[in-house]
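Encoded as structure tokens, the structure appears first; notes follow it.
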Ligand SMILES: Cc1cc2nc3c(=O)[nH]c(=O)nc-3n(C[C@H](O)[C@H](O)[C@H](O)COP(=O)(O)O)c2cc1C
């Protein structure tokens with residue numbers, strides 16, 4: 001399967017970045033074709049411009065030349081994996097910007113009756129599997145008190161968006177601020193195992 005692995009962490013020596021590597025390696029070892037996208041390395045522009053917002057519903061002209069390669073990579077994917085830390089109970093801005101700017105009408109969904117009163121129809125039908133690999137500084141309990149928005153997004157938004165796939169797998173390591181080397185290693189092993197049977 002062609003698997004798009006999208007990563008959002010600014011530091012190449014970070015634990016999160018090591019998970020990105022582990023995921024790519026395990027997928028490749030399992031025979032998948034990996035298309036790795038490191039958003040920071042590519043200097044992905046997170047901010048939607050005024051022009052992009054004005055053109056947002058103008059399919060297919062809403063795909064500008066600078067977004068086209070990202071759109072094509074997404075459309076070619078048969079599986080998708082996101083590797084990112086949780087920041088302020090959500091995605092790092094660069095990943096949020098990727099969703100805002102690339103997951104647009106005509107790409108990830110269509111409005112069946114136009115932008116005013118249309119029903120959302122998911123479009124990324126080629127994607128048969130999706131997963132999120134993520135790390136939190138806080139404990140699971142503290143995060144549940146806040147509603148754990150990234151988990152909900154992955155499980156619900158991810159499920160609706162990748163309609164051709166079962167509910168996305170959510171691999172999360174909580175309490176990073178207090179984790180032992182053994183737990184860090186064990187989670188990396190879990191990510192490798194899950195990716196090798198992706
Ligand atoms: C800007 C920023 C915001 C953060 N917000 C949260 C948060 O809302 N909840 C949480 O559990 N951890 C939060 N953290 C902690 C990160 O999730 C944690 O540092 C990361 O998962 C650890 O991975 P790393 O060492 O590879 O960066 C935040 C960290 C940063 C830098």
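More than 24 angstrom separation, counting every C-alpha pair in segment 2-196; what % is that? Present the calculation step by step, with values, prior to reporting the outcome.
Numbers: 7600 of 18915 pairs.
Of the Cα pairs, 40 percent sit more than 24 Å apart.
Antiparallel as a % of all DSSP beta bridges within the chain, to the nearest 5? Show your work: numbers first, answer last.
On the way: 4 of 28 bridges.
Antiparallel bridges make up about 15 percent of those DSSP assigns within the chain.
Using helices alone, what [θ] at 222 nm do you get for the chain, with -39,500 (n - 2.57) per DSSP H run of 4 or more residues, divided over all residues and rounded to the nearest 500? Walk me through the numbers on the way to the answer.
Working: 8 runs with 70 residues, N = 198.
The helix-only estimate for the chain comes to -10000 deg cm²/dmol at 222 nm.
Going by alpha carbons, how many degrees (0 to 90, nearest 10) lie between the helix axis of 181-196 and the longest principal axis of the chain?
Relative to the chain, helix 181-196 is tipped by roughly 50 degrees.
For 82, 89, what's the fewest-to-most ordering of other Cβ within 10 Å of each Cβ?
Values: 82 25, 89 13.
Going from least to most buried by this count: 89, 82.
Tilt of helix 15-29 relative to the longest C-alpha principal axis of the chain, in degrees (0 to 90, nearest 10)?
So the helix axis and the longest Cα principal axis differ by about 80 degrees.
Once the Cβ-Cβ distance between residue 125 and residue 146 is put in as r, and R0 is 45 Å, what FRET efficiency do you end up with, to the nearest 0.05?
Numbers: r = 33 Å, r/R0 = 0.74.
Efficiency, rounded to the nearest 0.05: 0.85.
Taking the alpha-carbon centroid of each part, what is the distance from segment 41-93 to segment 117-159 in angstrom?
Value for the Cα centre distance between the two parts: 17 Å.
Write down the percent of antiparallel bridges among all DSSP beta bridges whose residues are both part of segment 72-166, to the nearest 5. Could you put the intermediate results ahead of the total?
On the way: 4 of 12 bridges.
Roughly 35 percent of the DSSP beta bridges within segment 72-166 come out antiparallel.
Angle between the Cα long axis of helix 93-102 and the longest principal axis of the chain, 0 to 90 degrees, nearest 10?
So the inclination is approximately 30 degrees.
For the chain, modelled as a Gaussian network with Cα springs under 10 Å, which listed residue fluctuates most, 16, 43, 62?
Ranking 16, 43, 62 by mean-square fluctuation puts 43 first.
Rounded to the nearest 0.05, what FRET efficiency do residue 190 and residue 51 have when you use their Cβ-Cβ distance and R0 = 41 Å?
Efficiency, rounded to the nearest 0.05: 0.45.
Pairs of Cα atoms under 8 Å, at least six residues apart: use those to get the relative contact order of segment 2-196, whole percent. Write out the running numbers ahead of the final one.
On the way: 317 pairs, mean separation 47.6, N = 195.
Relative contact order, segment 2-196: 24 percent.
Given springs between every Cα pair under 10 Å in a Gaussian network model of the chain, which of 102, 11, 145 has the largest fluctuation?
145
For a quick check, take a GNM of the chain with Cα springs below 10 Å and name the residue from 95, 54, 67 with the largest mean-square fluctuation.
For the chain, modelled as a Gaussian network with Cα springs under 10 Å, the answer is 54.
With 10 angstrom as the radius, rank 15, 136 by how many other C-beta atoms surround their C-beta, starting from the fewest. Write down the numbers at each step before the final one.
Working: 15 16, 136 21.
The fewest-first ordering by Cβ neighbours comes to 15, 136.
Please work out how much length the chain gains when fully extended from residue 75 to residue 180, using 0.36 nm per residue of separation minus the C-alpha to C-alpha distance, in nm with one decimal. Write down the numbers at each step before the final one.
Details: separation 105, 0.36 × 105 = 37.80 nm, distance 3.91 nm.
Difference between extended and current length: 33.9 nm.
Using every Cα-Cα pair within segment 129-186, state what percent have a distance larger than 15 Å.
Working: 865 of 1653 pairs.
Counting pairs separated by more than 15 Å, the tail of P(r) holds 52 percent.
Rule-based calculations on the coordinates, nothing more; no lab input. The structure presented is a predicted model; accordingly, all values stated were derived computationally and were not measured. We place every Cβ from the backbone using ideal geometry, glycine too, and count neighbours over all the protein chains shown.
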